[in-house]
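Each remark here refers to the structure printed beneath this line.
The values are calculated or read from the model by the stated rules, or taken from the named source; none is laboratory data. This structure is a prediction, so every number in the text was calculated from the model and none was measured. Don't worry about glycine lacking a Cβ; one is built from the backbone with ideal geometry, like all the others, and counts go over all protein chains shown.
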């Protein structure tokens, strides 16, 4: 009788323990299908302007950041991980279903906040489940599998959203198509509630040893494979222990040359670079869908097509970017991919200011979005890897948690000002401002690299 070898049996065992990964499939597909829907729904169906799109995105991020901390803290103390996973799926599904029936912008914004706050219940739990149920030797594989399943499910949702908005608009009209896509996305989320309850193991409540946060693990987790309207972690493996606002006040009062007791000086500068990066990126990308509809005259299906190209390019680039970081340092890779993003936003500005319209503009946007997907892969992978290598040994987890805080704050600020920048300057100049902000971050990244190599003998 044939028997499994020890390594094969061990591999089979850990894969059985993470069957709950697949409970994310319907949830991620539902989220992916509605990823480009919010700005179109706000402007096309509810009749609000682009500034309200920015406010909605900012409120979503502002609700999600503290909610992630709260749910992570609560799940460590009360109840089972399975309960919080199911609650997170339900917290996304119910508000999403109700969005289909929104008749005014205030009701819709309330549902956006509810979905962001309650849907985050599953985010910290997903990572702690992996680390609590598997030995450290399997973390790398498990996190990779988790990101792969979730990322491609989002891409599948993107494809479905594109097909739905292309044909449903033709057959039943724009408002019908958009309202029913909320119903489909929420319905898929409900399937994940059932899957999580059936497939997630219930671990014995015990005092777990403090988890080590190795740089090679930290670098492979944290952000989704797919760029979102709000830039928040796909999984949290450590909650922030520093107050980023207090840290910024200290820096402004004492100057960047002041000694930082807890983290090294290049890491502090990298936090500020990341804040600027996400402020500029979110500011430029938040009105992107509305711009396509209102200025370029693209159909809702075309808007979803352009978003889908970005997601597919990012998913295919993720592994390649990771390999590039292993061959070269992470800051060089990130600077290179951010240079692509300068070109992308500059291209958007050129399309707007030169008056390019019709099939030609759509072809240019598809090409630029493919470059943007590659750029996002560089941001997602290189960001956490850089922080993990710049952080003092043994403090990688806290450093990544603080990094996530600066990312969240940048996303909130960028979304909040985006609509008003468009109203004041127009779409073309708003994209140009975003390109300039990203260009500044590239120069600052080179300064971080120089300080790390010269003063701290570190190669990120």
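Would you mind stating whether residue 378 is within 22 Å of residue 317 (Cα to Cα) and either touching a residue at least 24 places away in the same chain (Cβ under 8 Å) or outside any helix (DSSP H, G or I) (or both)? Yes; evaluated as a whole, the condition is true for this residue. The residues listed here are 63, 48, 68, 2; of these, the one that is closer than 30 Å to residue 284 by Cα, more than 22 Å from the chain's Cα centre (by Cα) and either outside any helix (DSSP H, G or I) or modelled with pLDDT under 95 (or both) is 48.
In summary, residue 188 fulfils each of the numbered conditions (1) over 17 Å from residue 44 (Cβ atoms); (2) surrounded by fewer than 23 Cβ atoms within 10 Å (Cβ to Cβ) with the single exception of condition (2).
Only a single criterion out of (1) at pLDDT 80 or above; (2) within 30 Å of residue 391 (Cα to Cα) is not satisfied by residue 206, namely (1). Summed over the stretch 293-324, residues that are surrounded by fewer than 22 Cβ atoms within 10 Å (Cβ to Cβ), assigned to a helix (DSSP H, G or I) and either at positive phi or modelled with pLDDT under 85 (or both) total 6.
If the requirement is being surrounded by fewer than 23 Cβ atoms within 10 Å (Cβ to Cβ), under 17 Å from the mean Cα position of the chain (by Cα) and in a helix (DSSP H, G or I), which of these qualifies: 159, 149?
From the options 159, 149, the qualifying one is 149.
Restricting attention to the stretch 85-102, report how many residues are outside any helix (DSSP H, G or I) and either without any contact (Cβ under 8 Å) to a residue 40 or more places away in the chain or crowded, with 19+ Cβ neighbours inside 10 Å (or both). Counting residues in the stretch 85-102 that are outside any helix (DSSP H, G or I) and either without any contact (Cβ under 8 Å) to a residue 40 or more places away in the chain or crowded, with 19+ Cβ neighbours inside 10 Å (or both) gives 1.
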